[in-house]
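Heads up, the thing below is written out as C-alpha cells.
Only the coordinates and a few stated rules stand behind these numbers; no lab work does. Please read all numbers here as calculations on a predicted model, not as lab measurements. Positions of Cβ are backbone-derived with ideal geometry, glycine not excepted, and every protein chain shown enters the neighbour counts.
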C-alpha cells in the first residue's frame, strides 16, 4: 500500500511538472511571435483556428444588419473585405464616400478610418472578411493601389467563392482551413485582375473618346468639303463600322448625321447674317447642287430655307 501511494504521488508530481512546463513553453511561443501585422486586441475571433501560415483569417461571416444599425469612425488593425449580399449602405473610407449596393466588394487596409451607415427602409446584408499576413509582407498596394471599391460581382463566380469561404471558415478540419486560405488568395487575385481590366478598359475608352472628339472637330471645321467615311477612318485610325457605332454611342447620332446637322445650322446662320442667295448658301455648306440641298433642308427641318427666312422677316415686322 505504501509503495502504491508513493507511485501515485510521483505520477501526480510528474503530471503537474509537465503541465507547468507546457504552459511556460506556450507562453514563450506567444512572446516570440512577431507583433508586426498581427491582430490587435478585439479584432481576432476567439474561435479562429490555428493557422500554420498566412493569410490568417480572423473573421468570415454573413451579417444581417438590424434596422438603424451603423458603425462610426472605426479603425481595424487588419485588412477587411466587405461584400454586399443584399440592400445598400453608405460606406465612407478614409474620407471617400462609397454608396455600396448589392454585389459591391469593398476593401480597406489596417488603420483606415471607416463607417458603415445603413439607410432607412433599406436592408443591409453583407459578407465580412477580416484577415492579416502576420510578419510577412504582402504586396497589397501593388494589387490594389489606393483603391477601395474593387468592383461589382453580383451573380459571378467570385461571389460563389466568397460564400464558400464563409462556409469553410466554420469547419474545424485542417483541409477546410487550407481551402479557405486558398479561396481568400483567389478572391484577392481575381479582384486585382478585374480591377486591372477595368482600368485598362477605362484607358481604352478615354483614347476612343479623344479620337471621337477629333472627328467631331474635323467635321465641324470641314463641313463645306466632301467629307467621306474614308477621311474619318484615316484621321482616327479606326474602322468605319466602329466609328459609326462609337460616334452614335457618344453623341447620339452618326458622323454623317452630325455633318448634316452642322450644315443646316451653318445655312441658317448664313441666311440670317448675309445676303447670299440660297444657291450660294448651298455651295458654302458643301452642296454643289442647290436642289439636293433644298430637299435635304426641307426633309430635316420640315420647311424650306426660303420659308425659314420669310418667317423670320415676318416675325421681325
Self-check item: Peptides 120-127, 241-248 ordered by average Cβ neighbours within 10 Å, highest first
Solution: 241-248, 120-127
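Taking 0.36 nm per intervening residue step and subtracting the Cα-Cα distance, what contour gain separates residue 61 from residue 88 on full extension? Kindly include the intermediate steps, with their values, before the conclusion.
On the way: separation 27, 0.36 × 27 = 9.72 nm, distance 1.79 nm.
Between residue 61 and residue 88, full extension yields an extra 7.9 nm.
Give the Rg/Rh ratio for the range 173-261, taking Rg as the radius of gyration of the Cα atoms and Rh as the Kirkwood radius, to two decimals.
Working: Rg = 22.1 Å, Rh = 15.9 Å.
Looking at the range 173-261, the ratio lands at 1.39.
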Exercise. Could you work out how far the C-alpha centroid of the range 108-133 sits from that of the range 227-252, in angstrom?
Key: 45
Practice problem: Taking all pairs of distinct Cα atoms, average 1/r, flip it, and tell me the Kirkwood hydrodynamic radius of the range 222-317 in Å to one decimal place. | Solution: 14.6
Self-check item: Estimated Rh, the range 56-199: Kirkwood, alpha-carbon pairs, angstrom
Solution: 15.5
Practice problem: Kindly identify the range 47-96 as rounded, prolate or oblate by the Cα gyration tensor criterion: order the square roots of the eigenvalues as a ≥ b ≥ c, call it rounded if a/c is under 1.5, otherwise compare a/b with b/c, prolate if a/b is larger, else oblate. | Solution: prolate
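Would you mind classifying the range 129-177 by shape? Square roots of the alpha carbon gyration tensor eigenvalues, ordered a ≥ b ≥ c; an a/c under 1.5 is rounded, otherwise it is prolate if a/b is larger than b/c and oblate if not. Mind showing how you got there, number by number?
Values: a/c = 3.08, a/b = 1.17, b/c = 2.63.
Oblate, because a/c is 1.5 or more while a/b does not exceed b/c.
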